[in-house]
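Q: Sharing a structure here in structure tokens format.
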């Protein structure tokens, strides 16, 4: 609330100023709504890095505003509307739960352009965008299977939703491409963000004999535990090497900068159109942190796989793939449709865990 | 033995912050003051512990800072509720909200920095004893403090005159006042003690549990501590049982998940709460004793002039 107020205050001040010196050289006003504090060092932090990249790239030609820790629901609609009303030309709403509020506000402000992250509802002035993080998970799966001595990785999941399930499957596809018998132990913490619980889960997994730590939660706690216990792991959302200088092998980094700069440029050039972007390594929306703490050949292979996925030569979800129950998901050579990926609610063959319903 | 030790170590880590915070709140409530701001005091303790450690390089300075920070928050609470006689429930909630916001502001510069972990204190000769020594006597100072606190609080409350005065003030502040005890002074000290313990609990989070600072890292542990006090019916030994039970179940459910027990993870996540409530309700089922333990003046303001 404190930051919300101060940002609101500065937004009003900024509004007053620009109204006073209105001229042809008005900067483009870009607004952001974040679900967490920008200091979460995870999801919202990475979106804010994208905002800063816009500021750096365009300098005086843009003016950015953000409102952080906006809960999903009625609060979101008010916050989005506030940005729209105060003359923002382009507004990024960066959490799945902002979908309906964004659509509602967009109807009332047809001249304002909206960009909603990870959603699926579009309008004439609402685009959606997301990132194929699962591409990175295929790469870390390959690394895990090569590095692991016990042949088992520990996987800390947040909630059993398609985004996370897809990640586990992709990780296993990568691992199975190296070692068909590779195992994964999955533990759900039912939270995106609780360092203590994440650390407990990591310790439990290590005590049960895993020597690779994978996480789909937002804090660096599991990696920190890995460092302490002398096992290897992967960072999530941002490069966490500082927390685990000897344990992090790479991290799957969300990088929104390129997309954000692109979209702002499109508004400036008057070429902005509503659409849906689901980019991965190819669009630099998913970036792999440097490959470290790895044998040279493994690092080289990881770089090779990264390049193959980037160029489209390798598509992680390519058949033959069977579901956990043995039924066929993809026939030999078939590739999963985006629709199948977005709604994925089953494990592939080889995952031992039972998916919570 | 080999598999059990690391599990026990994890359980101790998970239980200690709850035990510390709850033990402080127990004394506060025994004196008749309900401070719902535990979460807020904890998180300010966490951020101060982390930042002072980062600045001085000495985690013990961080421990002291976290304790001090918790006491400052408690002092504010004491001033508002004891001197100005504001509503304790509302003030406690406000203290939590204040703490969460304030800690975010104070910690802004420390995001994304790895912290320094509080070292383990080896006790020569004792720490090498198999099992008992390697589990219980190879801990950091805060674990020792938390366990010593249980004994100290028990002894203080039930075996000393000062403890009797605290309980008297909590049960009937008018009588205690009539007997010549300073109700405000006793309550101030109890509130400050509660703040110090909550601050330490926060420091434990950012210096031992997960040596890092991130906003909202207490993640509701202050509320669990509050609930533990009530379910333990304001008895220190039951509180010890409750805190360790909660810690144990929350760690063991991860082990159960990793071992592939086919129960829904949502149920497993709720298990610590269920188990702790059930067990503590069973051991406190004697209503007469429970009522006798409940501070009768809990949450009621006291003014000597009235």
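The values are calculated or read from the model by the stated rules, or taken from the named source; none is laboratory data. Given the structure is predicted, the values throughout are model-derived calculations rather than measurements. Glycine gets a Cβ as well: all are built from the backbone with ideal geometry, and neighbour counts include every protein chain shown.
Q: Is it true that residue A:235 is within 14 Å of chain B (Cβ to nearest Cβ), buried (at least 21 other Cβ atoms within 10 Å of the Cβ) and closer than 19 Å to residue A:139 by Cβ?
A: Considered against the rule, which asks whether it is within 14 Å of chain B (Cβ to nearest Cβ), buried (at least 21 other Cβ atoms within 10 Å of the Cβ) and closer than 19 Å to residue A:139 by Cβ, residue A:235 comes out as yes.
Residues checked against (1) under 22 Å from the mean Cα position of the chain (by Cα); (2) in a helix (DSSP H, G or I):
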residue	(1), (2)
A:32	yes, no
A:47	yes, yes
A:55	yes, yes
A:64	yes, no
A:72	yes, no
A:77	no, yes
A:91	yes, no
A:100	yes, yes
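Q: I'm trying to understand the selection: among the residues of segment A:330-357, which are assigned to a loop (DSSP other than H, G, I, E, B), more than 14 Å from every other protein chain (Cβ to nearest Cβ) and farther than 16 Å from residue A:319 by Cβ?
A: Once the filter is applied, which keeps residues that are assigned to a loop (DSSP other than H, G, I, E, B), more than 14 Å from every other protein chain (Cβ to nearest Cβ) and farther than 16 Å from residue A:319 by Cβ, segment A:330-357 yields A:343, A:345.
Q: Scan segment B:272-306 residue by residue and report those that are in a helix (DSSP H, G or I) and in contact (Cβ under 8 Å) with a residue 60 or more places away in the chain.
A: B:293
Q: How many residues are without any contact (Cβ under 8 Å) to a residue 40 or more places away in the chain, within 13 Å of another protein chain (Cβ to nearest Cβ) and closer than 19 Å to residue A:341 by Cβ when one looks only at segment A:165-216?
A: Total meeting the criteria: 0.
Q: Right, here's the next one. Please pick out the residue among A:13, A:30 that is at pLDDT 95 or above and either over 22 Å from residue A:239 (Cα atoms) or within 14 Å of chain B (Cβ to nearest Cβ) (or both).
A: A:30
Q: Please go through segment A:219-230 and pick out each residue that is buried (at least 24 other Cβ atoms within 10 Å of the Cβ) and touching a helix residue (DSSP H, G or I) at 6+ places or on another chain (Cβ under 6 Å).
A: Listed by number, the residues that qualify are A:219, A:221, A:222, A:225.
Q: Here's something else I'd like to know. Restricting the search to segment B:209-230, which residues are in a helix (DSSP H, G or I) and either out of contact with any helix residue (DSSP H, G or I) (no Cβ under 7 Å at 6 or more places or on another chain) or more than 16 Å from residue B:41 (Cβ to Cβ) (or both)?
A: Scanning segment B:209-230 gives B:209, B:227, B:230.
Q: Something else now. Filter segment B:182-222 for residues that are more than 13 Å from the chain's Cα centre (by Cα) and at the interface with chain A (Cβ under 8 Å from one of its Cβ atoms) and give the result.
A: B:209, B:210, B:211, B:212, B:214, B:215, B:216, B:217, B:219
Q: Hey, another quick one. Looking at A:136, A:73, which one is closer than 20 Å to residue A:43 by Cα, in contact with a helix residue (DSSP H, G or I) (Cβ under 8 Å, 6 or more places away or on another chain) and without any contact (Cβ under 8 Å) to a residue 60 or more places away in the chain?
A: Checking each option against the conditions leaves just A:73.
Q: Out of B:106, B:100, B:142, B:95, report the one residue that is within 14 Å of chain A (Cβ to nearest Cβ) and within 17 Å of the chain's Cα centre (by Cα).
A: B:100
Q: Sticking with this one: Are any of the residues in segment A:148-159 at pLDDT 95 or above, in contact with a strand residue (DSSP E or B) (Cβ under 7 Å, 6 or more places away or on another chain), assigned by TED's automatic domain parsing to the domain that holds residue A:189 and in a helix (DSSP H, G or I)?
A: No, segment A:148-159 contains no residue that is at pLDDT 95 or above, in contact with a strand residue (DSSP E or B) (Cβ under 7 Å, 6 or more places away or on another chain), assigned by TED's automatic domain parsing to the domain that holds residue A:189 and in a helix (DSSP H, G or I).
Q: Here is a further query. Which of the following residues is touching a strand residue (DSSP E or B) at 6+ places or on another chain (Cβ under 9 Å) and either buried (at least 21 other Cβ atoms within 10 Å of the Cβ) or not in a helix (DSSP H, G or I) (or both): B:250, B:233, B:206, B:269?
A: It is B:206.
Q: Take residue B:241 and decide whether it is within 14 Å of chain A (Cβ to nearest Cβ), under 20 Å from the mean Cα position of the chain (by Cα), at negative phi and not in a loop (DSSP other than H, G, I, E, B).
A: Criteria not met by residue B:241.
Q: Ok, one more. Do we find that residue B:256 is more than 14 Å from chain A (Cβ to nearest Cβ) and either within 30 Å of residue A:222 (Cα to Cα) or in a helix (DSSP H, G or I) (or both) in this structure?
A: no
Q: Related question: Under 6 Å by Cβ, and 6 or more places apart or on different chains, what pairs join a residue from segment A:21-42 that is on the phi > 0 side of the Ramachandran plot with one that is in a loop (DSSP other than H, G, I, E, B) and at pLDDT 90 or above?
A: Listed by first residue and then by second, the contacts come to nothing, as the list is empty.
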